[in-house]
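The values are calculated or read from the model by the stated rules, or taken from the named source; none is laboratory data. Predicted model, so just to flag it, every value in this text is computed and none were measured. Here the Cβ positions follow ideal geometry from the backbone for every residue, glycine too, while neighbour counts run over all protein chains shown.
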Amino acid sequence: MLSNLHPETLAIRGAKEQTEFNEHNSALFLTSSFMFDSAEAGAALFAGETHGYTYSRTNNPTVAAFQNRVAQLEAGEAGLATATGMAAINASFLAFMKAGDHLVASRSLFGTTMGLLNNILPRSGIEVTFVSQTDTAEWAAACRDNTKMLFVETPSNPLNELADIAALANIAHEHNALLAVDNSFLSPALQQPLRLGADLSIQSATKAIDGQGRVMGGVVCGKADLVNEVFMHVRTTGEVLSPFNAWVLLGGLETLFVRMEKQCANALAVAQFLRTQPQVKTVHYTGLPDHPQRALIHQQQHGGGIVVAFEVNGGQEAAWQVIDSVTLFSKTGNLGDVKSTITHPWTTTHGRMSPEDKQIAGIGPGLIRLSIGLEHEADLKADLAQALSRL
């Protein structure tokens, strides 16, 4: 029956671990361990011969309901929840790569992800080659015999550049490698990378899935055998999602589609408004009708997303003045919240990158990133207008 339901229904009525109490909402199981009916039953559970729960580091009914529901929305055979989005990325890397292996990645990634690739993976003997977000020929040329994975975040953070997921999947599979896609910017409401050929869809549930800036979490979805490899890593290293966070995130899933629809509409209105402002040099938003990758957007996205980036004249000083002058936008590095947020990527989300790497990624000191929420669009535009008028 569930396979015939629309995603909007699955987000509300999808996977649920029912108890004997027949509760209407998913139950919150705050327990570190679970008891066995007998020593023999415990041995069977630990051996994987029977289904059940032993310890919340390895599995928990609330966590299982959350990760399975996201997998349904992502069109994946299985899902695995982690403590954060970065934990999901790290676990996906280390589950499939070891010393001597090679990773190809876009150079247009979230700043912390770049830190992981530049500073942490090399300590494990994993070599990383960075390539263009948009030029598939660079991806193909960078692949080697020891390439195990291609990794991309699309749209990119914060410039909203797309990577062709289907084309990258073909390149990866031609080299017996996996394609992993960070889907945090759009969530399964707007994009399902697995349907386009990706092997793993990874996201920070802290963002749009929660939608209210309450808790952190991450999810990896894909074929069951691949997700199980990540699970074996996570259960050992302890990068697991807490049951309470899973319970909160389940509630977030139930309003995901309606939130994203309205937030996308607000984001388009704000992007179009910013284009009319003389203080603004450029606006980056995939929902704009003349986006240079419009054909690809129609192929792999169901909407423009909720993140708008724009560059102001005057560099960092001007960008900071705008940020300090807004009254409605929350000054924070988070995104996906029902409250609109504003940040300066050069000094916050990508602040630990070298100036050279930031410039290569297209991030300048005058760039501002907005995450658009559910406020009335007229109020958001008015707030930006008064802030820009001070330049």
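Here are a few things to note about the model shown:
- Cβ-Cβ contacts under 8 Å between residues 6 or more apart (or on different chains), taken from a first residue in the stretch 157-168 that is assigned by TED's automatic domain parsing to the domain that holds residue 285 to a second residue that is among the acidic types (Asp, Glu) and modelled with pLDDT of 95 or more, are absent.
- Being of a type in the set (Gly, Ala, Ser), free of Cβ contacts under 8 Å to residues at least 60 places away in the same chain and not assigned by TED's automatic domain parsing to the domain that holds residue 203 holds for only one residue in 336, 304, 314, and it is 304.
- So residue 235, is it within 17 Å of residue 93 (Cβ to Cβ), of a type in the set (Lys, Arg) and touching a residue at least 40 places away in the same chain (Cβ under 8 Å): yes
- Against the numbered list (1) over 27 Å from residue 12 (Cα atoms); (2) buried (at least 23 other Cβ atoms within 10 Å of the Cβ); (3) not basic (Lys, Arg), residue 236 comes up short only at (2).
- Note on the stretch 347-371: residues that are in contact with a Leu (Cβ under 7 Å, 6 or more places away or on another chain) and at pLDDT 95 or above amount to 1.
- Selected residue (only one of 330, 389, 325, 371 is in contact with a Gly (Cβ under 7 Å, 6 or more places away or on another chain) and hydroxyl-bearing (Ser, Thr, Tyr)): 371
- Residue pairs meeting the criteria (Cβ under 8 Å; at least 6 apart or on separate chains; first among the aromatic types (Phe, Trp, Tyr), in the stretch 172-185; second outside any loop (DSSP other than H, G, I, E, B)): 185/153; 185/307
- The listed residues are 257, 310, 244, and the only one of them that is aromatic (Phe, Trp, Tyr) and more than 30 Å from residue 194 (Cβ to Cβ) turns out to be 310.
- The criterion of at least 3 residues that are at positive phi is met by none of the helices (runs of 4 or more DSSP H) wholly inside the stretch 1-78.
- Residue, modelled with the lowest pLDDT, within the stretch 231-274, restricted to residues that are in a helix (DSSP H, G or I) and in contact with a Ser or Thr (Cβ under 7 Å, 6 or more places away or on another chain): 235
- Filtered by the rule that a residue be surrounded by fewer than 22 Cβ atoms within 10 Å (Cβ to Cβ) and hydrophobic (A, V, I, L, M, F, W, C), the stretch 179-203 gives a lone residue, 196.
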